[in-house]
Amino acid sequence: MADRERDRFVALAFCRADILLELDDDLDVVFAAGATQVLMGTGADALHNRPFLDLVAEEDRVLAGEMLEAARSQGRIDDVVVRLNGTRRRPNVALAGYRVPDFDNHFFLALKLEPAFQAERPDEAELKRDAETGLLDEASYAALAADRALAFKRAGGRPQLSVVKVDGLASLNKALGASDRKRVMSTVGDILNQHSIGGNSAGQVSPDSFSYLHRDDIDAEEIGNMISQAAKSLFNADLKTESHTLDADGAGLAEHQVAKAIAHTIRLFSETGQVDKKKSIGQVLKGLVSDTIDNVAYIRRLAAKREFDMAFMPVCDMRLERVHHFEVLTRFRDARPGVSPYHLFCLAEEMGIVAELDMAVVETTIRTIADLTRKGGLLPAVAINLSGLSLSSQHFVTELRKLLARSGVQPRKIMFELTESVKIEQLAEVNATIQTFRQRGFRFCLDDFGSGAASFDYLNALDVDLVKFDGPVIKRAAASQKGSDLLASMARMCASMGIKTAAEMVEDKRLAGRVYQCGVDFGQGWHFGKPEFDPFVYADRFMGGL
């Protein structure tokens, strides 16, 4: 018996946790140790012979059960976040473990309270779920589906992602009253959630399209038929559904990129709107997955081989209309139809490879400036876009410092534009990094200001030299007096903090006059000039550096 107990604790030693559990084949607790009183409100001995799923909060029971069932054959459970019963607080714990053949195929589980990595996982409190239907919005669904697909796959299951397009849904909802519309959408939500992993892994990704993550024994065509039958029964409406399913296995990507690839694919699908009538949903989704994989390889090749050039777009003094500095824009030599540099940079951020691309852009820009200076004389300063994710990487920051030091570039000739396409989590740390560069003479700009609620958080947390107002803010200023008043207020606010301001998308003389009246310092747009590979076409309008 002593040897068996020793072996048991050796097995448990593989788990690092606040609570350790052993479950029999019926998922009843046969051994418990750890902080059960604190986390579950009961001692370890009182847990013996209790069904494990009774210890899990009701809303997470289906998810925990499905993960354990998936792990019966070959898998292990890696850090699936569930809530526990037993105390008012119902703490979040990460559930991990595996099934051990040498112990009658019992499960050995570890429960860890509020793991540090949880901040990177979707937080249920932050997920946007429609109260009537229980369906997640597109962004929340993308995050949750990606996380759960990877966890289910690790447990040994085969997660699948299905999309169902409901033709005629928009017309039906338009014809119905408010209460009946809620009934329709609630019915759709109930059907999809009931057949999804965890009982709540479904979302709406476009006005007439829905997606859900499920086990491989779920027939998507049958689920679509259930929606059609429900519409017929409730409202005598003929709604045709088209469904398609793909394995949510990352399509050959490395495991650490699987979740990001799934999330990106869902977002791409939601952006396409109406499905091409000549293509099935299957063709669309397979194409999106294929494009994601191809574009990742494309980005890496571009970065490694520097297969792009820099175009220079003038940023002009609003009063004099002379070039104050240039923003450098990436132009890929092997440009792909319908794929903009902006979307590729966004994909690079989502896939965690944007630092490679950013470093290549900085290096190419500095080399281009040096070549142009040798050929044509002195250039004004240039602004280079950097992702907040790159500045959050200590490795990237270290390599950037080395690159700038090797190049011998004059700091006053370089400004870095911090883009807002991805949320910066560690604002204090990023600001500290920014200040080390500013102390050496480099300037920083907060790009796309006004495009989201995060803008003011960034302005409060980051000490910068310039704020660039987002294009839609400028358009609103041109469209109404209220928009102009708002732009003028933001310009005055920045001026009071000693921060210069710039406006994007100033496309004509009338808009330039309006922006100037609002007190903005600099303008950028076709009114002042288009991007040019040869910046010296604007030489007669140079006015100096920063």
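The values are calculated or read from the model by the stated rules, or taken from the named source; none is laboratory data. Nothing here was measured: the structure is a model prediction, and the numbers come from that model. Reconstructed Cβ throughout: ideal geometry from the backbone, glycine too, with neighbour counts over all protein chains shown.
Within the group G483, G523, which residue is crowded, with 21+ Cβ neighbours inside 10 Å and assigned by TED's automatic domain parsing to the domain that holds A370?
Going through G483, G523 in turn, just one is crowded, with 21+ Cβ neighbours inside 10 Å and assigned by TED's automatic domain parsing to the domain that holds A370: G523.
Which condition breaks for V328 when tested against (1) aliphatic (A, V, I, L, M); (2) outside any helix (DSSP H, G or I); (3) more than 29 Å from the chain's Cα centre (by Cα)? Condition not satisfied by V328: (3). In the range 46-62, the residues that are in the same structural domain as L111 (by TED's automatic domain parsing) and polar (S, T, N, Q) form no Cβ pair under 8 Å with any partner that is part of a helix (DSSP H, G or I) and modelled with pLDDT of 90 or more, whether six or more places apart or across chains. If a residue must be polar (S, T, N, Q) and either more than 20 Å from A145 (Cβ to Cβ) or in a helix (DSSP H, G or I) (or both), how many such residues does the range 213-245 contain? Counting residues in the range 213-245 that are polar (S, T, N, Q) and either more than 20 Å from A145 (Cβ to Cβ) or in a helix (DSSP H, G or I) (or both) gives 5.
Counting only strands (runs of 3 or more DSSP E) that fall entirely inside the range 18-102 and contain at least 2 residues that are within 32 Å of the chain's Cα centre (by Cα), basic (K, R) and surrounded by 19 or more Cβ atoms within 10 Å (Cβ to Cβ), no element qualifies.
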